[in-house]
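Student: Quick one: this structure, given as structure tokens, is what I'll be asking you about.
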Amino acid sequence: MRVVIVDDEILVLEYLAEMIKELGVDIVGTFTSSRKALEKIPELSPDLIFLDIEMPGINGIELAIELSDQLSGTNIVFVTAYNQYAIEAFRLNALHYILKPPAKEDIVEAIARGTFKKDAQEKVVHHRIEIHVLGTVDIVEGEASLITWPTQKAEELFALFMIYRKNDLNKWDIIEKLWPNSDNEKLEHLLYTTIYRMKKSLEEAGIAFQLKNSLGYYTFSIENVCYDVDELEGIYEQTQGEDWEEDAVKVSLFQLYQGNLFGSRDYLWGEPAKYASQNMFETICNRLICAYEKKNEKEKAEEVRIKMAEKLCMFDS
């Protein structure tokens, strides 16, 4: 087990280091500067990082997000004097959350969890599967696309089911959305062919899903995946409250929002959903700008304005 400690309070850092060494664990790095930690930690390849949240410059939440893009298999234990960060910490899949002053039993528990997680990761190495419809239509694992759509209509049907995943869809509504203003008698057969091709592509990619048909109404669900629209909605709901961390939201939002819904694809039926997701993104950005301006952090507010404009015009014609 390789451990790194990051805390700008030197007494807390030294106490953590002493307790961890007593457990026979190898400490490969300690940092009081989050910027120095961001520079050096990827070279150290730790299994576990004890990470303070309240730090000048880059805070612990933002540092964890930045490191997650560079490290695979590294787990985070947040150590903080404040409990309002707990929800955000566990949204980032933190291994543990310890309040200061850290108790020895909490450190022992964190090391035990880290050891168990490391052993499990060594047996099975995999990335989470993600469905992207913001800026594209794709299913990815890590950085690799899992899906090759045989036709544009198979891809469009999948996008349709994802947007309407919480509703039943009548087959005639699906036909009207995919082939609008058409009275071709063969469209029902074409729908069945498109459904078959979509299902076959998902099955070949190893994606677990269910597509049920009851009296001409289709219900689609997909399991064990992360869906970017759901994550956008989660960020939106988070920023409606009072206790949220601006820097963490900013980093998460701009990593997530890769452009308007479906990117350059022109799905007429998707215009309302496209407008809704775009409006949600703009609202979050405006809340960030207001929060930064209240703190007189004008540079961060301007950065949000620039990035918002870039994202919104990315696929505009």
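The values are calculated or read from the model by the stated rules, or taken from the named source; none is laboratory data. The shown structure was predicted, so the numbers you read here are calculated from the model rather than taken from an experiment. As a convention, Cβ positions derive from the backbone with ideal geometry for all residues, glycine included, and neighbour counts pool all protein chains shown. All accessible areas refer to the heavy atoms of the entire protein, side chains included, with ligands and DNA or RNA removed. Shrake-Rupley method; radii C 1.70, N 1.55, O 1.52, S 1.80 Å.
Student: Which residue out of I163, I147 is surrounded by 17 or more Cβ atoms within 10 Å (Cβ to Cβ), among the aliphatic types (A, V, I, L, M) and within 18 Å of Y218 (Cβ to Cβ)?
Tutor: Values: I147 fails: within 18 Å of Y218 (Cβ to Cβ).
Just a single option satisfies the conditions, and that option is I163.
Student: Please verify whether Y257 is of a type outside the set (A, V, I, L, M, F, W, C) and farther than 21 Å from V137 by Cα, treating the condition exactly as stated. Please lay out each step first, then the result.
Tutor: Numbers: of a type outside the set (A, V, I, L, M, F, W, C): yes; farther than 21 Å from V137 by Cα: no.
Judged against the criteria, Y257 is not a match.
Student: Could you tell me how many of the residues in the stretch 263-283 are touching a residue at least 12 places away in the same chain (Cβ under 8 Å) and within 16 Å of G135 (Cβ to Cβ)?
Tutor: Filtering the stretch 263-283 for residues touching a residue at least 12 places away in the same chain (Cβ under 8 Å) gives 263-265, 267-270, 273-274, 277-278, 280-283.
Now restrict to residues that are within 16 Å of G135 (Cβ to Cβ): 263-265, 267, 270, 273-274, 277-278, 280-282.
Summing the residues that are touching a residue at least 12 places away in the same chain (Cβ under 8 Å) and within 16 Å of G135 (Cβ to Cβ) in the stretch 263-283 gives 12.
Student: Within the stretch 26-40, is there a residue that is under 28 Å from the mean Cα position of the chain (by Cα), open to solvent by 40 Å² or more (accessible area, probe 1.4 Å) and in contact (Cβ under 8 Å) with a residue 40 or more places away in the chain?
Tutor: no
Student: Any chance you could count how many residues in the stretch 236-293 are in contact with a strand residue (DSSP E or B) (Cβ under 7 Å, 6 or more places away or on another chain), open to solvent by less than 20 Å² (accessible area, probe 1.4 Å) and over 21 Å from S68 (Cα atoms)?
Tutor: 4
Student: For I175, indicate whether it is at pLDDT below 90, β-branched (V, I, T) and surrounded by 17 or more Cβ atoms within 10 Å (Cβ to Cβ). Outline the logic, then answer.
Tutor: Working: at pLDDT below 90: no; β-branched (V, I, T): yes; surrounded by 17 or more Cβ atoms within 10 Å (Cβ to Cβ): yes.
No; evaluated as a whole, the condition is false for this residue.
Student: When the stretch 1-23 is examined, which residues are found to be open to solvent by 70 Å² or more (accessible area, probe 1.4 Å) and either without any contact (Cβ under 8 Å) to a residue 60 or more places away in the chain or charged (D, E, K, R) (or both)?
Tutor: Within the stretch 1-23, R2, E9, I10, L11, E14, E18, K21, E22 qualify.
Student: With respect to V225, is the statement that it is without any contact (Cβ under 8 Å) to a residue 12 or more places away in the chain, more than 19 Å from P272 (Cβ to Cβ), surrounded by fewer than 19 Cβ atoms within 10 Å (Cβ to Cβ) and touching an Asp or Glu at 6+ places or on another chain (Cβ under 7 Å) true? Let's see the steps before the verdict.
Tutor: Values: without any contact (Cβ under 8 Å) to a residue 12 or more places away in the chain: no; more than 19 Å from P272 (Cβ to Cβ): yes; surrounded by fewer than 19 Cβ atoms within 10 Å (Cβ to Cβ): yes; touching an Asp or Glu at 6+ places or on another chain (Cβ under 7 Å): yes.
In short, no.
Residue-by-condition table, conditions (1) touching a residue at least 40 places away in the same chain (Cβ under 8 Å); (2) in a loop (DSSP other than H, G, I, E, B); (3) open to solvent by 70 Å² or more (accessible area, probe 1.4 Å); (4) closer than 17 Å to R265 by Cβ:
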{"position": "E156", "(1), (2), (3), (4)": "yes, no, no, yes"}
{"position": "N181", "(1), (2), (3), (4)": "no, yes, yes, no"}
{"position": "Y192", "(1), (2), (3), (4)": "no, no, yes, no"}
{"position": "F220", "(1), (2), (3), (4)": "yes, no, no, no"}
